[in-house]
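Values in this text are rule-based calculations from the coordinates and carry no lab data. No experiment lies behind these values; they were computed from the predicted model shown. Glycine gets a Cβ as well: all are built from the backbone with ideal geometry, and neighbour counts include every protein chain shown.
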Amino acid sequence: MAFMQLSTWIRGARLKTLPLAIAPVIIGAALSWQTVFLYLQGGDVLHDSCPFFGRQHDLGKMRFGSLIGECQRSAGWFVLVAVLCGCVALFLQIAANFANDYSDGVRGTDEGRAVDSARPLAKMPSAEPDLASASLVVSASLPASQPQLGPARLVASGVNPKKVLAAAGINALIACLCGLLVIALTGYWWFILVGIACLAAGWCYVGGKHPYGYHYLGEIFVFVFFGLVATCGTMFALTGMVSLSGVLGGANVGLIAVAVLCVNNLRDIESDRAHGKHTWMTALGRHNGTVFTIVLLAAAVLLAVAYARLQSSCTIPVIAMLTVTGVTCAAAAIAIIGKHYGKALLLCTLASLALAAVFVVTAAFA
């Protein structure tokens, strides 16, 4: 019973979406490594420059072979801040998922959705019987040719809305604590304002009296926060600056994040229309929305190729990761055309990780 309760909450966290939180942080960290450690602003052979507090070095701590002292930033500091940035993004994503579950559940937007991922629950006793039974009833009523619907959310399946809201709050609190540690390690107190903006964006997507996700703005906010803010924020935390490559990387992964949202909205297009949720997909229609989503994936791949060319980094590892990214996006496009939205969602999120790997190997072999 306890296992079934845990599995229910794990489904509510929507694990398929979590790579989207990690990918921009990986890109930001990959682009920062060279800026911090590769012969910028001085440095020496054993330890390259680590800009901090005006790019000064602690001359009171002399190291063997060093004439400038010990840098006030180290590889350990870099890794710690990068991991904390990843934790901020990850727990904010989980908090937003639970908050969306809560808000859409109480609005009734999530009613009548199939639970493909929960079908095995019908074979065993469940601590959440409403979730399993709702899955069987709705799934059995769907014709085989009908597009796949999304998994039933927690609130729509009978879970206490207050518990779902509490889960969102707990994950948001963990994200805030990680963010405060980043601030303590970097000294950038104004990151508090960025954190508040991220929390507000996560809640107001479908929460509050006027959720922007119901008024054609969800895709724009996803591009900004899952792309630019996450990537550039990580880069600034690590280097104190944002380069053009950082903006390009943020835009690149942002395109895939928007594609993931479009896949979700294509899957739910009838339900969204019925409940007055206006998205780009409800405006474009299923056919045009499918074309638009595929164009987003293609643009992401082409932008990654262009970045590798600009960096003059066409080594075998880079070409290999570009190929993996392209093949994954192509497979996602085929799944979208076939209306296999669950499979397409997974492939798109994996494509975000493959894209992050492109930036990692490009930085490593540039």
Distance in nm between Val327 and Lys209 label points, each 7 Å along Cα→Cβ, equals 5.3 nm
For the pair Ala364 and Ala274, the simple spin-label estimate (label points 7 Å beyond Cα toward Cβ) gives in nm 4.8 nm
Descending packing, highest mean Cβ count within 10 Å first, for 321-330, 270-279 is 321-330, 270-279
Which residues qualify? For His278, with a placed amide H closer than 5 Å and at least 5 residues away or on another chain, they are His215, Tyr216
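Report the gain in length on full extension from Ala306 to Ile170: 0.36 nm times residue separation, minus Cα-Cα distance, nm rounded to one decimal. Write out the running numbers ahead of the final one.
Numbers: separation 136, 0.36 × 136 = 48.96 nm, distance 4.07 nm.
Residue separation times 0.36 nm, minus the Cα-Cα distance, leaves 44.9 nm.
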Karplus-derived 3J(HN,Hα) from phi for region 285-301 (6.51 cos²θ - 1.76 cosθ + 1.60, θ = phi - 60°), whole Hz, x at Gly and Pro, runs x, 5, 5, 5, x, 5, 4, 4, 5, 5, 4, 4, 5, 5, 5, 4, 5
Here FRET efficiency (C-beta to C-beta, Val291 to Ala200, R₀ 45 Å, nearest 0.05) is 0.85
Rounded to the nearest Å, the spacing of the alpha-carbon centers of region 153-200 and region 264-296 is 28 Å
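Taking 0.36 nm per residue of sequence separation and subtracting the Cα-Cα distance, how much length would be gained by fully extending the chain between Leu6 and Ala320, in nm to one decimal? Don't skip to the end; give the middle numbers.
Numbers: separation 314, 0.36 × 314 = 113.04 nm, distance 3.81 nm.
Net length gain for the segment: 109.2 nm.
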Each label sits 7 Å from Cα toward the beta-carbon; between Leu15 and Asn160 the label points are separated, in nm, by 2.6 nm
Contour minus Cα-Cα span, Ala184 to Tyr216, at 0.36 nm per residue, comes to 7.8 nm
